[in-house]
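In what follows, a structure is listed as structure tokens, so that the remarks can point back to it.
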Amino acid sequence: MGHVALNGVRVAAGTRTLFENISFEIAPAEFVAIVGPNGAGKTTLLRTMAGFIRPLAGEVTIDGVAVHRLSARERALGVTLLGSESELPYGTSVRDVVATGRFAHRDWWEWGERESDGRSVDAALRHVDLSECAERPFETLSSGERQRARLALALAQEASLVLVDEPTSHLDPRFAHEILGLLRSLAQGPRSVVAVLHDLSQAAAADRVLIVGDGELIADGPPYDALDPVILERAYHIAFNRFEQAGNLTVAPRGPLVPRRSDDARVARGSAQGMDVTGKHPAGAAPVGTGHDANADRILGAGLVPGVGDAGFAGDDDGRGSRPR
Amino acid sequence: MTVALRLGSLGLAVCAAMLLGLFVGGSALPAASVAWTLLHPHASGDVATIVWQLRAPRVCIAALVGAALAVSGFLLQGMLRNPLVDPFLTGISSGAALATALAIAAGLAIPFVPALGFGAGLLTALLVAFLARRGSGLDAERLILAGISLSALFSAFVALALTRVGRASSSTILAWLAGSIAGRGWNELFWAAPYAIAGFGLALAVVPALNALRLGDDVARAVGLDVVRANWMILSAATLLTAAAVALAGTIGFVGLIVPHLARRMLGTDGRKALVASALLGAALVPLADAASRTRWAPAEIPLGVLLAIIGVPTFLYLYLRPASATRMWGT
């Protein structure tokens, strides 16, 4: 149960191909973070995994069954997607919002709530610590509570794969930390969690990190290996620092790559390999993985198409190219 | 007040409004003889004819039209998550109005007019849905734009027709446009009821889908709703209900726009309660307004749609938009 695989998937948004020939698998109980620059197609990838978009080539399978062959209801029992934003249903109680997750567990015309629905909704509300807010209108919750309620919805749905798009955007560090903890707690038993994250240090909390950019899967591995400055530079085209303290990995942008060559990232990568971290570090934080890491080649080699500069670079959300010029 | 109690009182309000409609009317009949006639359905005489052949069908039609328009508005507002939407969004009323205007101008026999309006309304809704397609689905924005554009076009043709026809025809057309159930009888009701019943059945079936759609298309899709199919079903239900209502009573505004808001305010956004409440509220309001339109200024009748708007809109504005209630806009 809960084994998800992408085999040679090609994803396009309109006429623009975002990913060519992407393959990876998600094991049960795994918490996977997807990171990459704006416009790289992370959301589209999630929507493809959720079965909202049919891939142009290849297929997404859950326990060996292609997602696009399933009915909407069958699909929802296997995979769910929490988008980065949802409508604010004015006047709808938190409990009603969470109970929406039980839709696929009833026949489509069925009005009543089954006993199992009630139990599942209550358990989900308890899990995210919102039992006391159950009867409050959803719009009166704070941003962090809303996000928790939406996670409860996914939990009540009991899908084996939970896809989450930017669950921590708009949240302060405390709530973001709380949501990450919840995501981690959801990834157990047959259930796995895949989250698109922008904060690389948050991604370090996952079991595994996928880095996408330039139309390909750049890296796939444990956070310590995947969140390597060299790999990140390939994805984001800027330089990164990495620190480790008390087992926590912190990754922060350092600045533009030198030399600023926009047309050949391999040059940039070569130069990054020779770079040293010269910035100031917090007391006690030791820079690790500065420049080239032996792990980087291993991770980089995992299922990626060689030739960084070959694929067209996708624009960011504003439609501008985000590669430094 | 519990949900059952609220729905129960709405049900009682429907009965009361319909009964009132039987007891009042253009010709002042003694209440006792109306009551006697109601208890003896097979009696004959003037009173029996007035009660059973004039008032009873009218009251039933009013209730059906009210419920149909309110449910149709509730469905479309829920599907498009837009509180400004009303059942005539899909151009049904303007299509029907144009067909009716042309039919009256061409001197077609009045009994054919409702059927013609029904057909033209359905055709217009189909055309709007066709224009609003994107892929296999419906695009909310395109639906609204197509509906508004076609309505504007057809209204222009109706206005043109009004300037070209004789006074007698134009007053018939205007009466139809203002919305009225004067002169409708059992035949029209039996003819339109099957479509309305099909619409109600479909509406009940899409209630779980409407509840899922409250959180937006993406969440609904994620929890297992086939959004494309659900949207077509909702649109079909709304179209059948509106077309039946328009065929019976012409263009009656207010009910389809405002009753769903009142229903949500009374019982919350859960379609299982709010849809039923919308139907009951609509079925109580329209017979009540019809009774008032028949009696208050007898023997002249104020068109039903006009009366509903004149009384209903200020009431709604007071209930809904006064500053004190701003915090409870969609309150449960």
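General observations
- Residue match in segment B:98-114 (condition: more than 18 Å from B:ASP139 (Cα to Cα) and in contact with a Lys or Arg (Cβ under 9 Å, 6 or more places away or on another chain)): yes
- Yes/no for A:LEU155 being over 24 Å from B:ASN82 (Cα atoms), more than 14 Å from chain B (Cβ to nearest Cβ) and touching a residue at least 12 places away in the same chain (Cβ under 8 Å): no
- Selection status of B:SER149, in contact (Cβ under 8 Å) with a residue 24 or more places away in the chain and among the polar types (S, T, N, Q): no
- Tallying residues that are within 14 Å of another protein chain (Cβ to nearest Cβ) and either among the basic types (Lys, Arg) or touching a Leu at 6+ places or on another chain (Cβ under 9 Å) (or both) within segment B:262-288 yields 13.
- Meeting the requirement of 3 or more residues that are of a type in the set (S, T, N, Q), the strands (runs of 3 or more DSSP E) wholly within segment A:1-119 are A:16-26.
- Residues in segment B:104-125 that are closer than 22 Å to B:PHE88 by Cα and touching a residue at least 40 places away in the same chain (Cβ under 8 Å): B:ILE104, B:VAL113, B:PRO114, B:ALA115, B:GLY117, B:PHE118, B:GLY121, B:LEU122, B:ALA125.
- Restricting segment B:240-261 to residues that are part of a helix (DSSP H, G or I) and more than 21 Å from B:LEU98 (Cβ to Cβ), the residue that is nearest to the other protein chains (Cβ to nearest Cβ): B:HIS261
- Enumeration of residues in segment A:98-127 that are hydrophobic (A, V, I, L, M, F, W, C), surrounded by 17 or more Cβ atoms within 10 Å (Cβ to Cβ) and either farther than 15 Å from B:LEU210 by Cα or more than 8 Å from chain B (Cβ to nearest Cβ) (or both): A:VAL98, A:ALA99, A:VAL121, A:ALA124, A:LEU125
- Filter result for the condition that a residue is crowded, with 24+ Cβ neighbours inside 10 Å, charged (D, E, K, R) and assigned by TED's automatic domain parsing to the domain that holds A:GLU216, over A:ARG10, A:ARG95, A:ARG75: A:ARG75
- Residue within segment B:34-50 that is part of a helix (DSSP H, G or I), small (Gly, Ala, Ser) and surrounded by 20 or more Cβ atoms within 10 Å (Cβ to Cβ) present: no
- So B:GLY199, is it assigned to a helix (DSSP H, G or I), within 22 Å of the chain's Cα centre (by Cα), farther than 15 Å from B:LEU89 by Cα and among the small types (Gly, Ala, Ser): yes
- Test for B:VAL223: is it within 21 Å of A:GLU139 (Cα to Cα) and at pLDDT 90 or above: yes
- Within segment B:73-90, not a single residue is crowded, with 24+ Cβ neighbours inside 10 Å and under 15 Å from B:ALA192 (Cα atoms).
- Positions within segment A:213-249 being surrounded by fewer than 17 Cβ atoms within 10 Å (Cβ to Cβ) and either at pLDDT 90 or above or within 30 Å of A:ALA12 (Cα to Cα) (or both), in sequence order: A:PRO222
- Put simply, of B:LEU204, B:LEU235 the only residue that is touching a residue at least 60 places away in the same chain (Cβ under 8 Å), part of a helix (DSSP H, G or I) and out of contact with any Leu (no Cβ under 7 Å at 6 or more places or on another chain) is B:LEU204.
- Yes/no for B:LEU127 being hydrophobic (A, V, I, L, M, F, W, C), assigned to a helix (DSSP H, G or I), surrounded by fewer than 24 Cβ atoms within 10 Å (Cβ to Cβ) and under 16 Å from the mean Cα position of the chain (by Cα): no
The values are calculated or read from the model by the stated rules, or taken from the named source; none is laboratory data. The model shown is predicted, which means the values in this text are computed figures rather than measured ones. Here the Cβ is made from the backbone with ideal geometry for all residues, glycine too, and neighbour counts use every protein chain on show.
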